[in-house]
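All remarks here apply to the structure that follows.
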Amino acid sequence: MSKATRFRELLKNDGIIVMPGAYDGLSARLVEETGFQAMLATGAGISNSQLGWADVGLTTMTEVAQAISRMADVTTIPILADADTGYGNAINVIRMVREFERAGAAGIQIEDQVMPKKCGHFTGKDVISKKEMIYKIKAIVENRSNPDLVIVARTDARAVNGLDDALDRAYAYAEAGADVTFIEAPRSVEELVRITRELKGIPQVANMVEGGLTPLLSAKELEDLGFKIMLCANTALRGAIKGARAALEELYRERSQKNLGDLICTWEERQQLVKLHEIQNWERKYLHWNKE
């Protein structure tokens, strides 16, 4: 079973899918080893970690595809790839879907912002026409090599034109072939309720951004409201930032690593995560100097 088929099966199963974001091979391993069934290749996380810049559309399609490939290479669970706007018009989208599928994406999330896009919880966004986005979705539907590739269509219209337009767009995107729709940055529980009520029958995404515009609800609360996917796009990244900063500040203060034990993983934990034991097994099996 392909990862795309597995992702599609998860969507059919009962219960909400909690999907943390990963941004490189190491974070992807952590997501899987923690026990999650699927993950998001987070565009914001890739921009923050790989470029050191905010999520304002600076990453290129090939940079994101490379990151997805590294994540897919070291994990077995489905990856939903954040494709931002598709990196251009519908023709660019055709190339993107081919590259992302080759990289190992089980699903593609595309949004209707104007390029260059911004994080969904930033100000100063704008959206393309509903018609243009519909054709971008059709470009994915008609050019994916695996018919099980899951399409998540996100609209940022709530911040620009209001919730009514966002709901209208989400319904139209599902009609165009999106498997899941995603209204970004609703402002209240009442808006979350309205989304699942008015788009009943279409699987919905809720993006839980710590400190963002949407109220933070638990997976159980979101499931009770009717949501199918709970994204926690940058929880791992933000945990890594805080942990790294704490360890570095202790090192800077003390000029010693002696008291870092509670702030860093052990040597053994690190090597276990990055599969040193597997490499050593390969060395014993394949390297000629072990055969002499």
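Listed values, structure above:
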{"quantity": "Residue match in the range 177-189 (condition: among the hydroxyl-bearing types (Ser, Thr, Tyr) and within 25 Å of SER27 (Cα to Cα))", "calculated": "no"}
{"quantity": "Failed condition for ILE128, given (1) among the β-branched types (Val, Ile, Thr); (2) open to solvent by less than 10 Å² (accessible area, probe 1.4 Å); (3) out of contact with any Gly (no Cβ under 6 Å at 6 or more places or on another chain)", "calculated": "(2)"}
{"quantity": "The lone exception for ALA236 - which of (1) without any contact (Cβ under 8 Å) to a residue 12 or more places away in the chain; (2) more than 30 Å from ALA176 (Cα to Cα); (3) of a type outside the set (Ser, Thr, Tyr) it fails", "calculated": "(1)"}
{"quantity": "Residue list for the range 80-132, filter: under 14 Å from the mean Cα position of the chain (by Cα) and of a type in the set (A, V, I, L, M)", "calculated": "LEU80, ALA81, ALA83, ALA105, ALA106, ILE108, ILE110"}
{"quantity": "Candidate set: the range 242-285, residues that are within 23 Å of ALA41 (Cα to Cα) and part of a loop (DSSP other than H, G, I, E, B); chosen: the one most open to solvent (accessible area, probe 1.4 Å)", "calculated": "VAL274"}
{"quantity": "Count of residues meeting criterion [surrounded by 16 or more Cβ atoms within 10 Å (Cβ to Cβ) and either out of contact with any strand residue (DSSP E or B) (no Cβ under 6 Å at 6 or more places or on another chain) or more than 26 Å from GLU63 (Cα to Cα) (or both)] in the range 12-27", "calculated": "7"}
{"quantity": "Residue within the range 21-31 that is under 15 Å from the mean Cα position of the chain (by Cα), of a type in the set (D, E, K, R) and within 21 Å of PHE227 (Cα to Cα) present", "calculated": "no"}
{"quantity": "Residues of the range 31-67 classified as of a type in the set (Val, Ile, Thr), more than 28 Å from LYS130 (Cβ to Cβ) and in contact with a helix residue (DSSP H, G or I) (Cβ under 8 Å, 6 or more places away or on another chain), total", "calculated": "2"}
{"quantity": "Unmet requirement for LYS3, which otherwise passes all of (1) surrounded by fewer than 23 Cβ atoms within 10 Å (Cβ to Cβ); (2) closer than 26 Å to HIS121 by Cβ", "calculated": "(2)"}
{"quantity": "Check on THR155, modelled with pLDDT under 95, more than 19 Å from ARG8 (Cα to Cα) and of a type in the set (Ser, Thr, Tyr)", "calculated": "no"}
{"quantity": "Checking LEU58 against (1) under 29 Å from GLU223 (Cα atoms); (2) in contact with a Pro (Cβ under 8 Å, 6 or more places away or on another chain), the condition it does not meet", "calculated": "(1)"}
{"quantity": "Single residue of the range 131-157 satisfying the filter (more than 13 Å from ALA172 (Cα to Cα) and acidic (Asp, Glu)) that is least open to solvent (accessible area, probe 1.4 Å)", "calculated": "ASP156"}
{"quantity": "Residue that is farthest from ARG8 (Cα to Cα), among those in the range 173-209 that are touching a helix residue (DSSP H, G or I) at 6+ places or on another chain (Cβ under 9 Å) and of a type in the set (Asp, Glu)", "calculated": "GLU191"}
{"quantity": "Candidate set from the range 49-68 (those that are crowded, with 18+ Cβ neighbours inside 10 Å and more than 20 Å from ARG238 (Cβ to Cβ)); member that is nearest to the chain's Cα centre (by Cα)", "calculated": "ILE68"}
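The values are calculated or read from the model by the stated rules, or taken from the named source; none is laboratory data. Please read these numbers as outputs of a predicted model, since none were measured by experiment. No Cβ is skipped: glycine too gets one built from the backbone with ideal geometry, and neighbour counts run over all protein chains shown. Protein only, heavy atoms only, side chains kept; ligands, DNA and RNA dropped before computing areas. Shrake-Rupley method; radii C 1.70, N 1.55, O 1.52, S 1.80 Å.
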